[in-house]
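These notes concern the structure reproduced below.
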Amino acid sequence: MYVLDRIIINGQQRLNGSVFVNGAKNAAVAIIPAALSARGICVIENLPCIEDVNILANAIRSCGIKAEFRDPHTLIIDSRNLTDYKLTFDLARNMRASYYLLGAFLGRFKKAIVPLPGGCNFGIRPVNLHIKGFEKLGATIEQEHGMIYAYADRLVGDHIFLDVASVGATINIMLAAVHAEGVTTIENAAKEPHVVDTANFLNILGAKIKGAGTDNIKITGVQELSGGTYTIIPDQIEAGTYMIAAAITGGDVTVKNIIPRHLDSLSAKLREMGCRIEEGGDYVRVVGASELNSVNVKTMVYPGFPTDLQPQMTALLSTANGTSVVTETVFDNRFQYVTEIIRLGCRVNTQTAQIGIVEGPSKITGAEVSATDLRAGAALVVAGLAAEGETVISNVKYIDRGYEDIENKLRGLGANIKRVNEQGEIVNRAPARDRIFDDTETLGHSIDEVAATLEAPNVVISA
Ligand code: EPU
């Protein structure tokens with residue numbers, strides 16, 4: 001991780017062309033831990049080359065299993081000999097998704113010890129619903145010295161109602177329930193595409209999950225999961241960020257390798273603002289308008305407007321004519337970035353922790369700003385693209401957690417953007433992985449055998 005890198009943008013270049021979207025971060029960070037539910041070899045394709053994936057790969061290695069990148073976007077995980085159900089890896093504390101190991105270990109071993117999760121700070125982010133779900137399945141949960149301890153003699157399926165349609169709780173409960181005796185139902189389940197992707201992955205490994213993508217998921221427990229090959233869905237939020245970048249620069253951008261339906265709520269808002277949106281099987285083209293209309297936006301669980309695009313959308317609304325009201329309903333405190341976009345000239349008044357009033361059009365001008373979290377960083381990039389003069393963004397480490405190669409992708413669209421290191425030298429952090437899969441010894445399969453499974457997607461490898 002290059003913590004002292006900065007991104008420098010000279011704004012007001014109209015973006016033009018096409019950009020390719022990588023695999024979904026929030027699916028990747030669930031599917032990597034989910035692979036540890038299986039006693040087998042999993043080949044996970046289309047992983048984004050981002051810091052959160054690197055951290056998780058190191059975290060699972062620290063549990064004593066083999067996890068090697070075959071190429072920057074393909075991770076091979078061999079958890080046949082996994083015996084450890086404890087995660088102590090320090091960096092994992094800082095990321096939210098490390099808690100998925102709790103569900104995976106509890107399901108497979110009936111015990112788990114995992115640190116209380118961190119993650120981007122936008123208010124209190126409790127795990128009470130995860131715990132309530134595990135307890136319903138028969139587990140005892142204790143918290144001590146910053147760790148969560150979960151154990152059960154046996155897990156037995158039950159009916160679990162989630163007070164909030166939590167993504168994390170839905171996935172975590174699914175991970176434990178795939179190994180519970182009998183049937184578990186999760187009511188008011190989250191419907192986000194990455195929930196469906198995780199369920200599809202588990203089903204490839206032999207799980208019996210039905211209804212993912214609806215608010216009622218039914219899981220019939222199985223004794224054991226085996227390995228398999230799986231390709232992660234495209235990143236809806238990365239795609240949305242480039243769509244907003246196109247709109248804020250009045251550009252004409254085709255965002256490729258996506259599932260357009262995952263972006264319906266954003267496309268609808270961009271149309272309402274005056275942009276032209278064209279959709280094909282796996283792309284969306286956004287053609288900006290010379291003047292944008294103000295619109296109100298309320299974040300909601302899927303298929304509503306995603307909270308993870310709220311900061312970027314607020315930046316865009318600053319350039320629209322009139323007043324827009326942005327209401328955040330998913331998190332308690334996701335307007336912390338506002339102090340930074342105000343430095344760029346955006347006029348946003350946070351009336352409460354949930355409501356931002358955006359006055360437009362604002363004259364956006366470059367300044368030195370700092371990312372406070374991942375999507376806050378993306379909002380600063382988006383605003384910087386529209387700003388007159390130079391915007392210098394520090395704390396780029398947050399952006400690197402979730403966006404693969406953002407400056408090269410934007411440069412490919414015509415943005416004047418560069419990354420500099422601590423010394424101010426221009427640097428290129430093209431996708432790379434620290435360890436590439438290289439030998440037969442590691443997995444007990446030759447690379448050719450593993451590669452053969454890649455050519456036939458979703459073929460189960462028996463281990
Ligand atoms: N909540 C509870 N109790 C729980 C769990 C959640 O009250 O036990 C509340 C939260 O406090 C929050 C709401 O439920 O107010 C929704 O939280 P959810 O559990 O759905 O979010 P998450 O699993 O912590 C994931 C993504 C976030 C994304 C949210 C909402 C991952 C690793 N993170 O978080 O992604 O914002 O779902 O879609 O999947 C991002 O990518 O920038 C990001 C923050």
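Tell me yes or no: at least one residue of segment 214-236 is under 30 Å from P361 (Cα atoms) and buried (at least 19 other Cβ atoms within 10 Å of the Cβ). Looking through segment 214-236, at least one residue is under 30 Å from P361 (Cα atoms) and buried (at least 19 other Cβ atoms within 10 Å of the Cβ). Cβ-Cβ distances below 6 Å connect the following pairs, each with a first residue in segment 359-370 that is under 16 Å from I7 (Cβ atoms), a second residue that is of a type in the set (D, E) and surrounded by fewer than 18 Cβ atoms within 10 Å (Cβ to Cβ), and a separation of six or more residues or different chains: G366/E390.
Tally the residues that are closer than 20 Å to N428 by Cα and surrounded by fewer than 20 Cβ atoms within 10 Å (Cβ to Cβ), restricting the search to segment 7-16.
So in segment 7-16, the residues closer than 20 Å to N428 by Cα come out as 7-11.
Now narrow it down to the ones that are surrounded by fewer than 20 Cβ atoms within 10 Å (Cβ to Cβ): 8, 10.
Qualifying residue count for the region: 2.
Return the pair list, or none, for Cβ contacts closer than 8 Å from residues in segment 156-170 that are within 11 Å of K132 (Cβ to Cβ) and assigned to a helix (DSSP H, G or I) to residues that are at pLDDT 95 or above and near the ligand (Cβ under 7 Å from one of its atoms), at least 6 apart or on different chains. Close Cβ pairs satisfying both conditions: A169/L129; A169/H130; A169/A190. Among the residues of segment 171-213, which ones are part of a loop (DSSP other than H, G, I, E, B), within 11 Å of the ligand (Cβ to nearest atom) and buried (at least 24 other Cβ atoms within 10 Å of the Cβ)? A189, E192, listed by residue number.
Yes/no matrix, rows are residues, columns are (1) open to solvent by less than 50 Å² (accessible area, probe 1.4 Å); (2) within 14 Å of the ligand (Cβ to nearest atom):
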{"site": "D264", "(1), (2)": "no, no"}
{"site": "S267", "(1), (2)": "yes, no"}
{"site": "C275", "(1), (2)": "yes, no"}
{"site": "D282", "(1), (2)": "no, no"}
{"site": "R285", "(1), (2)": "no, no"}
{"site": "V295", "(1), (2)": "yes, no"}
{"site": "Y302", "(1), (2)": "yes, yes"}
{"site": "L309", "(1), (2)": "yes, yes"}
{"site": "Q312", "(1), (2)": "yes, yes"}
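List every residue pair whose Cβ atoms lie under 7 Å apart, where the two residues are 6 or more positions apart in sequence or sit on different chains, the first residue falls within segment 270-295 and is on the phi > 0 side of the Ramachandran plot, and the second residue, located anywhere, is part of a loop (DSSP other than H, G, I, E, B). These pairs meet every condition: G274/A289; G274/E291; G274/L292.
Considering each residue of segment 231-283, count those that are among the polar types (S, T, N, Q) and assigned to a loop (DSSP other than H, G, I, E, B), and give that number.
Pass one, segment 231-283, residues among the polar types (S, T, N, Q): 231, 236, 241, 249, 254, 257, 265, 267.
If we keep only those that are assigned to a loop (DSSP other than H, G, I, E, B) as well, we get 249, 257.
Number satisfying all stated conditions: 2.
The C-beta contact set for segment 313-332 (first residue touching a residue at least 60 places away in the same chain (Cβ under 8 Å) and within 23 Å of G251 (Cβ to Cβ), second residue part of a strand (DSSP E or B) and away from the ligand (no atom under 16 Å from the Cβ), distance under 7 angstrom, 6+ apart or interchain) comprises T314/V348; T314/G356; T314/V358; S318/R347; S318/V348; S318/V358; S318/G360; T319/G360.
Return the residue satisfying two criteria in turn: it lies in segment 149-170 and is under 28 Å from the mean Cα position of the chain (by Cα) and open to solvent by less than 10 Å² (accessible area, probe 1.4 Å), and of such residues it is nearest to the ligand (Cβ to nearest atom). Among them, the one singled out is G168. Going by what's in this entry, would R80 be described as assigned by TED's automatic domain parsing to the domain that holds L225, more than 15 Å from the ligand (Cβ to nearest atom) and in contact (Cβ under 8 Å) with a residue 60 or more places away in the chain? Considered against the rule, which asks whether it is assigned by TED's automatic domain parsing to the domain that holds L225, more than 15 Å from the ligand (Cβ to nearest atom) and in contact (Cβ under 8 Å) with a residue 60 or more places away in the chain, R80 comes out as yes.
Quick check: is even one residue across segment 65-77 open to solvent by less than 10 Å² (accessible area, probe 1.4 Å) and within 16 Å of the ligand (Cβ to nearest atom)? Scanning segment 65-77, I find no residue that is open to solvent by less than 10 Å² (accessible area, probe 1.4 Å) and within 16 Å of the ligand (Cβ to nearest atom), so the answer is no. Does at least one position in segment 366-375 carry a residue that is under 19 Å from the mean Cα position of the chain (by Cα), farther than 18 Å from A247 by Cα, within 16 Å of the ligand (Cβ to nearest atom) and of a type in the set (D, E, K, R)? Yes - at least one qualifying residue is present in segment 366-375.
Does D90 meet the test of being within 21 Å of G228 (Cα to Cα), out of contact with any helix residue (DSSP H, G or I) (no Cβ under 6 Å at 6 or more places or on another chain) and among the charged types (D, E, K, R)? Answer is no for this residue. Taking N188, is it at positive phi and in contact with a strand residue (DSSP E or B) (Cβ under 9 Å, 6 or more places away or on another chain)? Spelling it out, N188 is indeed at positive phi and in contact with a strand residue (DSSP E or B) (Cβ under 9 Å, 6 or more places away or on another chain). Segment 24-143 holds no strands (runs of 3 or more DSSP E) entirely within its bounds that carry 3 or more residues that are over 19 Å from the mean Cα position of the chain (by Cα) and of a type in the set (D, E).
Residue-by-condition table, conditions (1) open to solvent by less than 10 Å² (accessible area, probe 1.4 Å); (2) at pLDDT below 95; (3) not β-branched (V, I, T):
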residue: A30; (1), (2), (3): yes, no, yes
residue: S37; (1), (2), (3): yes, no, yes
residue: V43; (1), (2), (3): yes, no, no
residue: L91; (1), (2), (3): no, yes, yes
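Do we have K110 as in contact with an Asp or Glu (Cβ under 8 Å, 6 or more places away or on another chain), surrounded by fewer than 24 Cβ atoms within 10 Å (Cβ to Cβ) and on the phi > 0 side of the Ramachandran plot here? For K110, the condition - in contact with an Asp or Glu (Cβ under 8 Å, 6 or more places away or on another chain), surrounded by fewer than 24 Cβ atoms within 10 Å (Cβ to Cβ) and on the phi > 0 side of the Ramachandran plot - is met.
Here's the yes/no breakdown for (1) farther than 17 Å from Y100 by Cα; (2) touching a Lys or Arg at 6+ places or on another chain (Cβ under 8 Å):
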position: L129; (1), (2): no, no
position: F134; (1), (2): no, no
position: E142; (1), (2): no, no
position: M147; (1), (2): no, no
position: D158; (1), (2): yes, yes
position: F161; (1), (2): yes, no
position: V167; (1), (2): no, no
position: I173; (1), (2): no, no
position: G182; (1), (2): yes, no
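Annotation note: of G123, G118, the sole residue that is at pLDDT below 95, on the phi > 0 side of the Ramachandran plot and within 16 Å of the ligand (Cβ to nearest atom) is G123. The condition (being crowded, with 24+ Cβ neighbours inside 10 Å and away from the ligand (no atom under 16 Å from the Cβ)) is satisfied by just one residue among V358, V338, V381, V326: V358. Only one of the numbered conditions (1) in contact (Cβ under 8 Å) with a residue 24 or more places away in the chain; (2) over 22 Å from the mean Cα position of the chain (by Cα); (3) open to solvent by 50 Å² or more (accessible area, probe 1.4 Å) is violated by G146, and that is (3).
The values are calculated or read from the model by the stated rules, or taken from the named source; none is laboratory data. It should be emphasised that the depicted structure is a prediction, and the values quoted were computed from it without experimental measurement. No Cβ is skipped: glycine too gets one built from the backbone with ideal geometry, and neighbour counts run over all protein chains shown. With ligands, DNA and RNA removed, areas are computed over all heavy atoms of the protein, side chains included. Shrake-Rupley method; radii C 1.70, N 1.55, O 1.52, S 1.80 Å.
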